[in-house]
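A quick write-up on the structure given underneath.
The values are calculated or read from the model by the stated rules, or taken from the named source; none is laboratory data. Fair warning: this is a prediction, and the values are worked out from it, not measured in the lab. As a convention, Cβ positions derive from the backbone with ideal geometry for all residues, glycine included, and neighbour counts pool all protein chains shown. Please note that ligands, DNA and RNA were not included when accessible areas were found on the heavy atoms of the full protein model with its side chains. Shrake-Rupley method; radii C 1.70, N 1.55, O 1.52, S 1.80 Å.
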Amino acid sequence: MAKIASPRPTGFLALLSVATLLVLAALYCVAFVARPDVTLGIVQKIFYFHVSSAIAMMLCLSCGSMLSLIDLFAPSDRIDALAHSAIETGLAFALMVLTSGPLWARKSWGAWWTWEPRLTLTLMLLLLAAAVLGIRSMAADGSGRKIAAALASLAAPIAYLIHVAVEKWGGTHPMVLKGGGIQSPGMQLTFRVAMLAILLFAATLWTLRFRVLRLEQRLHALRLELSAQDVRKQRPGAPT
Amino acid sequence: MTRLLAEGVGWAVDGRFVLVDVELALEPATLTVLTGENGAGKSSLLEILAGTRQPARGAVKLDGVPLPEIAPAHLARRIARLDHAPGLYLELSALENVQLFHALLHPGTVALDAAALLTDVGLASRDHARPVRGFSRGMLQRTALARVLASGADVWLLDEPSTGLDRAGCALLADVLQRVRAQGATLLVATHDPALLPLADRRLHLDHGHLQPAQVASTC
Amino acid sequence: MLLRLTWLLLQKDLRVAARSREVFGFMLLFALLCVVVFAFGFLREGEAAAAQVPGVLWVTLLFSGTVGLLRLFAAEEEGGTLMLAERTLAGATPLLLSKALMQLLFSGVTTLLLLPVVLVFFDASLAQPAWVLAALALGLVGQAMLGALVAALLVHVRLREVLLPLVLYPLLAPLVIAGVRITVLTQAGAPMEALDGWLALMLGFDALVLVAAPWLHARVVEL
């Protein structure tokens, strides 16, 4: 059987350490380096983690969808585990975005929720990812993987159409990224550190989940092998 | 040449193996009877041999070609299955069902004389045109047998084909099986019906996930 | 070959539907009921009812379409014919296409019958009927194709009655948003150019699912 995960996950531990340090650094920057926004005040500081989480979510879900498509072309347990863990990580970050989003929206637009295009798209992505994972878990032995892969591959291009639709629908929406808010060097530095920290954090979660899934696959294979040997032993005439 | 060959086939449910190292070679113009306790994996084995279920281990070959490499459509013309579900549209008549499946597998060919086929399996002509929803189990089984005959397949995998058939129906089934065997078809019949056992060229018993020649005359 | 087999299966589905008289009537009844319930929910005194027409129309079609989709493969399951029908000489695609056409037929007739009812109930009239009908046609095609795919994929999945809408509605969001916007814009007398973008979006969606759905379906059902 192929080596699935090394018993000493040095690479993973290194990733974990760097990500941890960077998240701490990002927290420091958010608290002490970046000054509060002139108009929005302290709540603007959510921006640093909110935007980077949104980007991490998009990356994870796009990767998950593409990997699903590859798994449909050329099925492999490794690609399947990669795709599955990517979608799960993307779902976690979608939850993060949808928690930090309303907090910010309440302060800057005066309402917890607005049908702002990006927020709407995130909500739709969350629902889609949850549905795909749900179907995967409900389907019988093995068939769930293919069904989930098919739906996940279709979800990416449709998500793009949802994006187009909600953008057109939203009409004039607040431009958050291009505001004058992050012009100061301190803010820019903080944004870069936070972005890097969250992306590495996402990579860590993804890797962790991937390793767990690979171990599950290995455990499943070992259990199967064991049961095969059980069956062989019970046969009449088998050596005892 | 061996027509249908299973090599080291294994199959698992819920992470446990039911079939392990199954080796089976079926030759043309033979009838093999498969026995085994309930839950021994007979139906699963038939599904794997038919290519509708992917084995966890091993491979099945039709005329030396692994099943996954054969187009499913082509496979459906070569291998016919008769199992617990009748495989019929209940709102359609027996005639319509047989004609439909023939047309799906052999489009563009000469229309089939479905009525003759149905008479052949002992279905009275007054029953040919009414929806099969009202049919008894045995009548459904006869219609399903006609569907298999219409497919023109040369490998027949039958799962308890005598279910619901009366004495005359069983005799008729035996008759049909002998006839297609004489025409060169490969038959594998999973059954406990003593009436079908004498037809067998070979008897196999499925026990603890393993195939072996059956010693006992009948398990029933 | 593909078309011939699709036609064979569609003929069969029509025959089954005509004899069981099952789904279509209930689908229509359910759609009617939806409209009534929406009227309870959205109509207020002193406000023009006509403003609710776009939303009520599209959401009703989305919901009633689900009724048909959940029963689309019922005949195959009952008689155990699914596996047989998937293995025609042209592969599994004729089955999917015939189911999508069946759904399109049902939802199309439902729409034609429903539209006048909604207009009467909500005291409205269509400003530019041609554009609305075009949008409805595009919407129903997309819903039928994508819906048939999801229904086919979920045939053997537990809780599929719950899971089908759960995955289908977010996927259909572009069609619903575009359809409602087109209907709203025509009611408001917007210029034709305002509709172009929305119609293009719906066309893009339909093109995507018409190409992708058969391919994905074949990848999943053919071992």
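Descriptive notes on the structure:
- Some residue of the stretch B:136-159 being farther than 25 Å from B:Glu96 by Cβ and hydroxyl-bearing (Ser, Thr, Tyr): no
- Unmet requirement for C:Thr6, which otherwise passes all of (1) open to solvent by 40 Å² or more (accessible area, probe 1.4 Å); (2) at pLDDT 90 or above: (1)
- Each residue in the stretch B:102-135 was checked for being touching a residue at least 24 places away in the same chain (Cβ under 8 Å), more than 14 Å from chain C (Cβ to nearest Cβ) and open to solvent by less than 50 Å² (accessible area, probe 1.4 Å), and 8 pass.
- Looking only at the stretch A:109-148, and only at residues there that are surrounded by 21 or more Cβ atoms within 10 Å (Cβ to Cβ), touching a residue at least 12 places away in the same chain (Cβ under 8 Å) and over 17 Å from the mean Cα position of the chain (by Cα), the one that is farthest from C:Ala213 (Cα to Cα): A:Thr120
- Of the helices (runs of 4 or more DSSP H) contained entirely in the stretch C:68-181, those carrying at least 3 residues that are more than 14 Å from chain B (Cβ to nearest Cβ) and modelled with pLDDT of 90 or more fall at C:93-121, C:129-153.
- Residue match in the stretch C:29-45 (condition: within 14 Å of chain B (Cβ to nearest Cβ), modelled with pLDDT under 85 and surrounded by 14 or more Cβ atoms within 10 Å (Cβ to Cβ)): no
- For the condition under 20 Å from the mean Cα position of the chain (by Cα), loosely packed, with under 14 Cβ neighbours inside 10 Å, away from every other protein chain (no Cβ under 14 Å) and modelled with pLDDT under 90, C:Gly25 qualifies.
For (1) modelled with pLDDT under 90; (2) outside any helix (DSSP H, G or I), each residue gets a yes or a no:
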{"site": "B:Leu90", "(1), (2)": "no, yes"}
{"site": "B:Gln99", "(1), (2)": "no, no"}
{"site": "B:Leu104", "(1), (2)": "yes, no"}
{"site": "B:Pro107", "(1), (2)": "yes, yes"}
{"site": "B:Ala115", "(1), (2)": "yes, no"}
{"site": "B:Thr163", "(1), (2)": "yes, yes"}
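- Filter result for B:Ala153 (within 30 Å of B:Ala12 (Cβ to Cβ), small (Gly, Ala, Ser) and in contact (Cβ under 8 Å) with a residue 40 or more places away in the chain): yes
- Test: B:Pro55 is more than 12 Å from B:Ser151 (Cα to Cα) and either within 12 Å of chain C (Cβ to nearest Cβ) or at pLDDT 85 or above (or both): yes
- Qualifying residue in the stretch C:207-219 (condition: open to solvent by 20 Å² or more (accessible area, probe 1.4 Å), in contact (Cβ under 8 Å) with a residue 24 or more places away in the chain, small (Gly, Ala, Ser) and part of a helix (DSSP H, G or I)): yes
- Filter result for the condition that a residue is buried (at least 23 other Cβ atoms within 10 Å of the Cβ) and free of Cβ contacts under 8 Å to residues at least 60 places away in the same chain, over C:Leu175, C:Leu185: C:Leu175
- Test: residue in the stretch C:187-200 that is at pLDDT 95 or above and either outside any helix (DSSP H, G or I) or more than 10 Å from chain A (Cβ to nearest Cβ) (or both): no
- Where A:Pro102 falls short, out of the listed (1) facing chain C (nearest Cβ under 10 Å); (2) surrounded by fewer than 19 Cβ atoms within 10 Å (Cβ to Cβ): (1)
- In the set (1) assigned to a helix (DSSP H, G or I); (2) among the polar types (S, T, N, Q); (3) more than 21 Å from A:Ala130 (Cα to Cα), A:Ser85 fails one condition alone, (3).
- Take the conditions (1) over 25 Å from B:Thr32 (Cβ atoms); (2) at pLDDT 90 or above; B:Gln141 misses just one of them, which is (1).
- A:Cys63 falls short on exactly one of the conditions (1) outside any helix (DSSP H, G or I); (2) in contact with a Gly (Cβ under 9 Å, 6 or more places away or on another chain), and that condition is (1).
- Checklist (1) free of Cβ contacts under 8 Å to residues at least 12 places away in the same chain; (2) more than 7 Å from chain C (Cβ to nearest Cβ) applied to A:Leu161, failing item: (2)
- Unique residue being more than 22 Å from C:Glu161 (Cα to Cα), modelled with pLDDT under 90 and part of a helix (DSSP H, G or I) when the list is C:Gln11, C:Gln52: C:Gln52
- Selection of the stretch B:140-171 for residues being hydrophobic (A, V, I, L, M, F, W, C) and open to solvent by 40 Å² or more (accessible area, probe 1.4 Å) yields B:Ala168, B:Ala171.
Residues checked against (1) modelled with pLDDT under 90; (2) within 25 Å of B:Leu49 (Cβ to Cβ):
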residue: B:Gly87; (1), (2): no, yes
residue: B:Ser93; (1), (2): no, no
residue: B:Glu96; (1), (2): no, no
residue: B:Ser125; (1), (2): yes, no
